[in-house]
Amino acid sequence: MAGIYLHIPFCKQRCSYCNFHFTTNLNKSYELIEAMIKELVLKSKLFQTETISTIYLGGGTPSILNRLLIEKLVNTIYNNYTIETQKLEFTLEANPEDLIEDNLKFWKQIGINRLSIGVQSMHPETLQWFNRCHTVKQANLGIEKSTQYFDNFNLDLIYGIPIQHHNQLITTTQQILNFKPTHISSYCLTIESKTHLKHVLKQNPQLIPTEQFQIEQYNIVRTLLGQQGYMHYEVSNFSLNCFESKHNSAYWLGKPYLGIGPSAHSYIYPNRFWNISHNQKYIADINQNKSYYQKETLNTHQQFNEYIMFALRTKRGGSFDFIEQHFSKTLAEETLQKLSKLDPNDISIESDYFRLTPQGWLLSDAIASDLFKV
Ligand code: SF4
């Protein structure tokens, strides 16, 4: 089981909170996709014995990409990799304004079977404040139209937004639930450096959301989704039965994946690779057969830290046996000792397994850093 992630670094405009790698200039999209095609072919050698069970077209905004270019990328994957056709999860990230009939038909026809739609909010002022391209009306029409073509789809939601108060978050969540998505990703707003949002909050510090406000909003979302039967299976992810994101779950399970495109990361045990985050340089380096990525071999401590970080973020949790077998008995004992000191409301320890509770997930970063080996 292995995955491929394709990073399409183009967006129509810059959302105020976003620090992903992308450009709003699409002039070089043809050259960039040609370079990604070369990278796909080059990297196929690394995956000769692997079967691809997930493909994820993310970004940026892949839904703005010219159909011919998407088709070229997809054909390159089909022609150079072994695909688990019966069980393939093939996701495309789309923004609501791109969910028009012709696009939906085309995406379905090329094999995409899951959409991840960036709704973020159903509160008009929040969408404007975020500088999103779409309106609430477009989100409603686009999602409605998508359901005619895709029965497996994720809706993204952001909470902890200072201008979206509790009752507006409740309305947003209920409106999202009305579409009965199979999956909901719900992220707490983070204030990233070098974003417009960071600048706005520097000028208006009274708007900086408090931790208490964000915890209350986390609980609102979790409660509303839980009442509708959504399983909270990772800090930021909820799904109906059997609709967990296979692609993201593979990251958390340490399965191999290839990241294609500028800024994309790859992992093939025990190595991690990350591509250059610069479109022009990426294109030039690939075309001139120069190195376009950096590589790091994870040492045992780094592997343990990764295991802990992912184990603490998921409902699946971690296993003391696994730690003993893959690392050492001492490390397994030390981990048990540290976890046993936590508040039982934050963690459950059952025989070989440990799992943070949804309340404990709020502390997962602090707990993880206490367990990390350096
Ligand atoms: S559309 Fe997505 S990737 Fe593009 S700027 Fe907005 S949040 Fe960032």
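The values are calculated or read from the model by the stated rules, or taken from the named source; none is laboratory data. Bear in mind the structure is a predicted one, so any value in this text is a computation, not a measurement. Every residue, glycine among them, receives a Cβ derived from its backbone with ideal geometry; neighbour counts consider all protein chains shown. These area figures cover heavy atoms from the full protein model, side chains too; ligands, DNA and RNA do not enter into them. Shrake-Rupley method; radii C 1.70, N 1.55, O 1.52, S 1.80 Å.
Structure data summary
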| quantity | calculated |
| --- | --- |
| First in the stretch 131-147 and in the same structural domain as V119 (by TED's automatic domain parsing) and within 14 Å of N103 (Cβ to Cβ), second anywhere and of a type in the set (V, I, T) and away from the ligand (no atom under 13 Å from the Cβ), Cβ under 8 Å, 6 or more apart | G142/I100; K145/I100 |
| Any chance I77 is closer than 25 Å to T24 by Cα, over 20 Å from the mean Cα position of the chain (by Cα) and either at pLDDT 95 or above or of a type in the set (D, E) (or both) | no |
| Qualifying residue in the stretch 62-79 (condition: over 20 Å from L32 (Cβ atoms) and away from the ligand (no atom under 14 Å from the Cβ)) | yes |
| Condition met for D151 (of a type in the set (D, E, K, R), away from the ligand (no atom under 16 Å from the Cβ) and over 21 Å from the mean Cα position of the chain (by Cα)) | no |
| Residue that is farthest from the ligand (Cβ to nearest atom) [pool: residues in the stretch 13-33 that are touching a residue at least 40 places away in the same chain (Cβ under 8 Å) and closer than 25 Å to S245 by Cβ] | I33 |
| Members of the stretch 259-291 found to be part of a loop (DSSP other than H, G, I, E, B) and open to solvent by 40 Å² or more (accessible area, probe 1.4 Å), listed by number | Y269, I276, S277, H278, Q288, N289, K290, S291 |
| Close pairs (9 angstrom Cβ cut-off, 6 or more residues apart or separate chains): within 16 Å of H7 (Cβ to Cβ) in the stretch 64-84, outside any helix (DSSP H, G or I) and of a type outside the set (A, V, I, L, M) anywhere | I64/F10; I64/C11; I64/K12; I64/N95; L65/F10; L65/G59; V74/F90; V74/G111 |
| Conditions (1) crowded, with 18+ Cβ neighbours inside 10 Å; (2) without any contact (Cβ under 8 Å) to a residue 24 or more places away in the chain; (3) of a type outside the set (K, R); number of the one not met by L336 | (1) |
| Residue under evaluation M36, criteria (1) open to solvent by less than 20 Å² (accessible area, probe 1.4 Å); (2) within 16 Å of the ligand (Cβ to nearest atom); (3) not in a strand (DSSP E or B), criterion not met | (2) |
